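The values are calculated or read from the model by the stated rules, or taken from the named source; none is laboratory data. In this text, all values refer to a predicted model and were calculated from it rather than measured experimentally. Glycine gets a Cβ as well: all are built from the backbone with ideal geometry, and neighbour counts include every protein chain shown.
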Amino acid sequence: MIHALRVPRPPGVPRFSSSVPDDLSINHKGTTAVYAPAAHARAPQKKGLKMSAVTPARNAVGSITVNRVRTFVDEQTGREVRQLTDFEHGAHLGYFRMFRQLPDGRMLAWARHEHGRAILIDPESGDLELLAQPPWSLKLRESDGRNWYLRSKDGEHHHRHRGHGKGNGKHNGKRRRRQMKGMQLWHIDLPGGEPVFDTAIPDDLPAGVADITIDGQCLILHERNEDLEQYPVPTTKDVTVMGHYFSRPRHGSIWAYDIATGNIKQLLTTEGLTPLHLDTSPIDPTLLRYAMDMPETTGQRV
C-alpha cells in the first residue's frame, strides 16, 4: 500500500532526476565518512593514523578546500578503504531519503567546522569543500544544485524535522506541533552560489513547514497531535510498552501552501494514525509520499 498525494502546481514544470552512488557509506556513530570502491567496509577505530597533509586552498567564493584522505586495509575483509573525513564532531549525510548529489558529482554532507556546517565531498579525489552556507537543507534539487532552507528573521537557522525524532517545534508532551514564528525561506545554488531570500513564511499557517515541491512553488505543511505524557515513546524493546505507545489516540494533517498566491489546501487528515516522513517527488511537483506511524508488523508504513 503506497500513499501518494497530488499537490497543486502550474503546468509545464520540468521533470528532474535523482541518483545517489551506492559506493559512499557513512559512519553515523563516529567521525568517519568512508568510500570503498570494492565493498562497503567500515573504518576500524584506530588511533595514531595520520591523514594526508594538504594545505587548505581558499576558493573564489570564500569556501575552503581540504583533503584528509587516508587509506587502510579493513581487518575483517582485507579490502582497501579510503577514509575521507576526520572532523572532531563527526560528519554525516542527511537522512537516507534526502537528496544529496550535486550536478558535478559531489555529495552535500554535514560537519561542524570553523566556517559553517556544510561540506561538499568529492569521492574520487577526497577533496572536501567547507562551506559557510547553507546551514541545513529543506530540499536539494539535484538537477541544478539548488538548495532550499529555513531561517528565522533574526538570522538563526532551522531545519525541518526529518526522521530523527528532533524537531524545532514546541512539544509539551500532549501536543506535538511544529510552531515556528518569524520564519523565512531562502535558497542557495550549489556550488558557488550566494544565499537568496525567497519569502517570509506567515506565522498563522495551520502547521509547520516539512518540505517544498521540487519546482519551489509550494511548501508542504505537517501537523501531528498526540499525548506523549500518557503514551511515552518507547526506549526499550518491551512488547507491552510498545503496544501501549501504538495504542495512543492521535491525529494529523498535511497541507500545501502556495508561495505565490498564499492559498492553502488541506491534502490529508487522519484519525487514529498520524502521517510522517513526508517527501515531495524529485521529478513531479504534484506528487507527495508519506508514511503512517503504524507497527510494520500490521501494515506497510509507506
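Could you give every pair whose Cβ atoms fall below 6 Å, whose first residue belongs to the stretch 131-151 and is without any contact (Cβ under 8 Å) to a residue 40 or more places away in the chain, and whose second residue is crowded, with 20+ Cβ neighbours inside 10 Å and aliphatic (A, V, I, L, M), counting only separations of at least 6 or pairs across chains?
Once the first residue is without any contact (Cβ under 8 Å) to a residue 40 or more places away in the chain and sits in the stretch 131-151, its partners that are crowded, with 20+ Cβ neighbours inside 10 Å and aliphatic (A, V, I, L, M) give Tyr149/Leu138.
Quick one: Thr65 ticks every box in (1) surrounded by fewer than 12 Cβ atoms within 10 Å (Cβ to Cβ); (2) on the phi < 0 side of the Ramachandran plot; (3) modelled with pLDDT under 85; (4) over 18 Å from the mean Cα position of the chain (by Cα) except a single one, so which number is it?
(1)
Looking only at residues in the stretch 195-215 that are out of contact with any Pro (no Cβ under 9 Å at 6 or more places or on another chain), under 18 Å from Ser253 (Cβ atoms) and of a type in the set (Val, Ile, Thr), which one is surrounded by the fewest Cβ atoms within 10 Å (Cβ to Cβ)?
Per the stated criteria, the residue is Ile201.
Just a yes or no: is a residue in the stretch 180-197 part of a loop (DSSP other than H, G, I, E, B), small (Gly, Ala, Ser) and at pLDDT 95 or above? Step through it out loud before you land on a result.
From the stretch 180-197, those part of a loop (DSSP other than H, G, I, E, B) are 180-182, 190-195; that's our starting set.
Imposing the further condition that a residue be small (Gly, Ala, Ser) reduces the set to 182, 192-193.
The next check asks that each one be at pLDDT 95 or above; those that pass are none.
There is no residue in the stretch 180-197 that is part of a loop (DSSP other than H, G, I, E, B), small (Gly, Ala, Ser) and at pLDDT 95 or above.
For Glu271, indicate whether it is acidic (Asp, Glu), touching a residue at least 12 places away in the same chain (Cβ under 8 Å) and closer than 28 Å to Leu138 by Cα. Working first, answer last.
Details: acidic (Asp, Glu): yes; touching a residue at least 12 places away in the same chain (Cβ under 8 Å): yes; closer than 28 Å to Leu138 by Cα: yes.
For Glu271, the condition - acidic (Asp, Glu), touching a residue at least 12 places away in the same chain (Cβ under 8 Å) and closer than 28 Å to Leu138 by Cα - is met.
Only residues that are over 13 Å from the mean Cα position of the chain (by Cα), hydrophobic (A, V, I, L, M, F, W, C) and in a loop (DSSP other than H, G, I, E, B): list them for the stretch 107-157, please.
Ala132, the sole residue that qualifies.
Looking at the stretch 187-197, can you tell me whether even one residue there is β-branched (Val, Ile, Thr), closer than 22 Å to Gln133 by Cβ and without any contact (Cβ under 8 Å) to a residue 60 or more places away in the chain? Give the steps one after another, and end with the answer.
Let us first name the residues in the stretch 187-197 that are β-branched (Val, Ile, Thr), namely 188, 196.
Cutting the leftovers down to closer than 22 Å to Gln133 by Cβ gives us 188, 196.
Next, from what is left, pick out any that are without any contact (Cβ under 8 Å) to a residue 60 or more places away in the chain: 188, 196.
Within the stretch 187-197, one or more residues are β-branched (Val, Ile, Thr), closer than 22 Å to Gln133 by Cβ and without any contact (Cβ under 8 Å) to a residue 60 or more places away in the chain.
Enumerate the pairs (first residue in the stretch 287-298 and over 19 Å from His251 (Cβ atoms) and in contact (Cβ under 8 Å) with a residue 24 or more places away in the chain; second residue anywhere and in a strand (DSSP E or B) and of a type in the set (A, V, I, L, M)) with beta-carbon separation below 7 Å, excluding pairs fewer than 6 apart on the same chain, so at least 6 apart or on different chains.
Listed pairs, sorted by first residue: Leu287/Ala4; Arg289/Ala4.
Could you check the stretch 84-103 and list, in sequence order, the residues that are surrounded by 17 or more Cβ atoms within 10 Å (Cβ to Cβ) and aromatic (Phe, Trp, Tyr)?
Correct list: Phe87, Phe99.
Looking at Asp122, Asp86, Asp104, Asp127, which is the one that is at pLDDT below 85 and either charged (D, E, K, R) or farther than 30 Å from His277 by Cα (or both)? So that I can check it myself, show each step before the final result.
Details: Asp122 fails: at pLDDT below 85; Asp104 fails: at pLDDT below 85; Asp127 fails: at pLDDT below 85.
Going through Asp122, Asp86, Asp104, Asp127 in turn, the sole match is Asp86.
In the stretch 234-252, which residues are of a type in the set (Lys, Arg) and either surrounded by 15 or more Cβ atoms within 10 Å (Cβ to Cβ) or touching a strand residue (DSSP E or B) at 6+ places or on another chain (Cβ under 7 Å) (or both)?
Listed by number, the residues that qualify are Arg248, Arg250.
So Gln230 clears everything in (1) farther than 20 Å from Leu150 by Cβ; (2) modelled with pLDDT under 90; (3) of a type outside the set (Gly, Ala, Ser) except one condition, right? Which one?
Going through the list (1) farther than 20 Å from Leu150 by Cβ; (2) modelled with pLDDT under 90; (3) of a type outside the set (Gly, Ala, Ser), Gln230 breaks only (2).
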